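K.L.:
Structure below; questions to follow.
The values are calculated or read from the model by the stated rules, or taken from the named source; none is laboratory data. Since we're looking at a predicted model, the values are computed, not measured. Positions of Cβ are backbone-derived with ideal geometry, glycine not excepted, and every protein chain shown enters the neighbour counts. For accessibility, only protein heavy atoms count, side chains too; no ligands or nucleic acids. Shrake-Rupley method; radii C 1.70, N 1.55, O 1.52, S 1.80 Å.
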Amino acid sequence: MKFETKAIHGGQQHEPSTGAVSMPIYQTSTFAQTAPGVHKGYEYSRSGNPTRTALEKAFASLENGAHGFAFASGIAAVDCVLKLLKPGDEVLTTNDIYGGSFRIFTQVFERYNIKFQFIKHDDVHKMDQYFTDNTKLIWIETPSNPLLNLVDIKKITSLAKPKNILVAVDNTFATPYLQRPLDLGADIVMHSATKYLGGHSDVILGGLIVKDKNLTDELYFIQKSCGAIAGPMDSFLVLRGIKTLHLRMECHCSNAKELAHFLKAHSKVDNVYWPGFKTHPNHVIAKSQMKDFGGMVSFTLKNNQLSSTLKILEGLSLFTVGESLGGVESLCSHPVSMSHASVPKKDRDSVGIVDSLIRVSVGIENIEDLIADLDQALDLI
Ligand SMILES: *Cc1c(COP(=O)(O)O)cnc(C)c1O
């Protein structure tokens with residue numbers, strides 16, 4: 001089955017008792033048993049709920065996995081992966097991962113004596129030099145936030161496999177429409193479905209997808225035991241979002257491409273970060289592992305003034321200024337004062353997160369309207 005068909009039908013059959021075409025929201029905590037232990041496959045909604053099951057099957061179908069898991073948030077999904085580890089284990093990751101992942105790694109799991117090493121982007125593809133006997137997990141995010149660096153998933157999995165190190169990929173920015181890490185050798189795919197999978201900025205939800213049977217059993221045990229499950233209503237919203245994922249992603253990608261070219265040609269704009277440019281340092285990786293270049297674009301100003309940046313952000317009318325990404329509406333964020341505010345200035349500057357950096361989650365509005373809005377805002381400085 002092709003992706004577009006899976007997006008509509010994956011994990012979803014007509015509801016057997018009534019024929020409902022749309023997956024019902026099974027808003028129930030428990031299920032009747034005709035005799036103790038005799039039931040129709042569901043006992044209690046923490047261990048399983050039909051609406052969640054449909055979403056979990058849809059996740060697995062889209063990522064070419066065997067099993068999917070749905071959680072209360074993307075971070076709850078990260079938490080579940082980390083609970084595969086034990087004290088003394090080591091995790092290798094990169095220094096440009098999502099801030100919330102960085103926080104749970106360093107401020108929660110380091111307390112349990114799990115060690116994290118944050119590798120500079122330049123060294124990512126030589127990650128094996130950091131392997132020790134205790135390295136148990138590699139965590140990668142590609143493309144990364146906000147500078148859209150890419151990691152070669154196949155390369156990393158080929159380094160990790162001989163050492164039995166698990167590779168988990170945060171596939172939030174790319175979505176399974178553009179990139180399927182399990183096909184490239186990864187063991188675990190993680191999603192913040194809050195972003196493109198949900199797609200309408202109306203739900204917080206996370207996902208994990210795996211192929212391996214043992215990993216499935218372990219993750220299911222943790223999901224059920226720790227309990228950060230997705231609720232039925234939220235599962236329904238993401239199922240509904242997924243049905244148009246392919247159409248939305250096509251539009252996000254084509255709008256992002258036009259916006260990136262507009263910005264690149266603008267006299268006040270300095271760097272434009274978008275993996276579709278031939279000059280992007282990871283363009284070749286993008287072409288080999290992604291179907292298209294995604295809906296995210298970041299840029300900086302030639303004058304690199306904080307005041308000019310704020311003037312632009314305040315002068316926009318179609319772009320909402322806010323956290324998050326991946327919704328149908330265009331959003332702009334200012335990493336220096338929002339997602340990366342707690343990172344010291346010299347550390348930010350050294351990786352390119354400068355005062356004038358603006359990150360755009362390009363929505364699916366008409367592109368001429370979006371460009372006109374950005375153009376008038378750039379005229380304000
Ligand atoms: C938002 C996000 C997360 C966290 O997901 P929540 O749903 O907000 O918990 C993790 N990784 C990336 C790349 C994200 O953008």
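K.L.:
Among the residues of segment 71-84, is any in contact with a Ser or Thr (Cβ under 8 Å, 6 or more places away or on another chain) and in a loop (DSSP other than H, G, I, E, B)?
P.N.:
Looking through segment 71-84, at least one residue is in contact with a Ser or Thr (Cβ under 8 Å, 6 or more places away or on another chain) and in a loop (DSSP other than H, G, I, E, B).
K.L.:
Right, here's the next one. Taking the stated definitions as given, is V336 over 30 Å from S73 (Cβ atoms) and either within 16 Å of the ligand (Cβ to nearest atom) or aliphatic (A, V, I, L, M) (or both)?
P.N.:
Taking the combined requirement at face value, the residue does not satisfy it.
K.L.:
Could I ask something else about it? Within segment 84-103, take every residue that is within 22 Å of P146 (Cβ to Cβ) and open to solvent by 80 Å² or more (accessible area, probe 1.4 Å) and give me the one that is nearest to the ligand (Cβ to nearest atom).
P.N.:
Y98
K.L.:
Name every residue in segment 196-214 that is closer than 16 Å to V78 by Cα and open to solvent by less than 20 Å² (accessible area, probe 1.4 Å), in order of residue number.
P.N.:
The answer is L205, G206, G207, L208, I209, V210.
Residue by residue, here is whether (1) touching a helix residue (DSSP H, G or I) at 6+ places or on another chain (Cβ under 7 Å); (2) over 30 Å from D123 (Cβ atoms) holds:
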site: V272; (1), (2): yes, no
site: F293; (1), (2): yes, no
site: E329; (1), (2): no, yes
site: V336; (1), (2): yes, no
site: S342; (1), (2): no, no
site: R348; (1), (2): no, no
site: I353; (1), (2): no, no
site: I364; (1), (2): yes, yes
site: A372; (1), (2): no, yes
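Residues checked against (1) open to solvent by less than 20 Å² (accessible area, probe 1.4 Å); (2) modelled with pLDDT under 90:
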residue: S308; (1), (2): yes, no
residue: I312; (1), (2): yes, no
residue: S324; (1), (2): no, no
residue: S330; (1), (2): yes, no
residue: H334; (1), (2): yes, no
residue: A341; (1), (2): no, yes
residue: R348; (1), (2): no, yes
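K.L.:
Out of the residues in segment 251-272 meeting the condition of being open to solvent by 50 Å² or more (accessible area, probe 1.4 Å) and in contact (Cβ under 8 Å) with a residue 40 or more places away in the chain, tell me which one is farthest from G294 (Cα to Cα). Break it down into steps so the answer makes sense when it comes.
P.N.:
Restricting attention to segment 251-272, the residues satisfying the condition of being open to solvent by 50 Å² or more (accessible area, probe 1.4 Å) are 254, 257-258, 261, 264-265, 267-268, 270-271.
From the residues that got through so far, the ones that are in contact (Cβ under 8 Å) with a residue 40 or more places away in the chain too are 254, 258, 268, 270-271.
Numbers: S254: 8, E258: 12, K268: 24, D270: 21, N271: 18 Å.
Looking at the filtered set, the residue picked out is K268.
K.L.:
Would you check if there is a residue in segment 60-75 being within 16 Å of the ligand (Cβ to nearest atom), open to solvent by 30 Å² or more (accessible area, probe 1.4 Å) and free of Cβ contacts under 8 Å to residues at least 40 places away in the same chain?
P.N.:
no
K.L.:
Within segment 194-241, how many residues turn out to be assigned to a helix (DSSP H, G or I), under 20 Å from Q12 (Cα atoms), charged (D, E, K, R) and away from the ligand (no atom under 14 Å from the Cβ)? Step through it out loud before you land on a result.
P.N.:
Taking segment 194-241 as the starting set, the residues that turn out to be assigned to a helix (DSSP H, G or I) are 213-226, 232-241.
Within this subset, residues satisfying the condition of being under 20 Å from Q12 (Cα atoms) are 232-241.
From what's left, charged (D, E, K, R): 234, 240.
Filter once more, so that each one left must be away from the ligand (no atom under 14 Å from the Cβ): 240.
Adding up the residues that qualify gives 1.
K.L.:
Could you check, for segment 180-190, whether at least one of its residues is outside the structural domain of G322 (by TED's automatic domain parsing), basic (K, R) and away from the ligand (no atom under 13 Å from the Cβ)?
P.N.:
Yes; the residues of segment 180-190 include at least one that is outside the structural domain of G322 (by TED's automatic domain parsing), basic (K, R) and away from the ligand (no atom under 13 Å from the Cβ).
K.L.:
One residue is enough: does segment 136-145 have a residue meeting the conditions of a type outside the set (S, T, N, Q) and without any contact (Cβ under 8 Å) to a residue 40 or more places away in the chain?
P.N.:
The answer is no; no qualifying residue exists.
K.L.:
Further, regarding this structure: Which residues, taken from segment 2-21, are in a loop (DSSP other than H, G, I, E, B) and without any contact (Cβ under 8 Å) to a residue 24 or more places away in the chain?
P.N.:
Selection gives K2, Q13, H14, E15, P16, S17, T18, G19, A20, V21.
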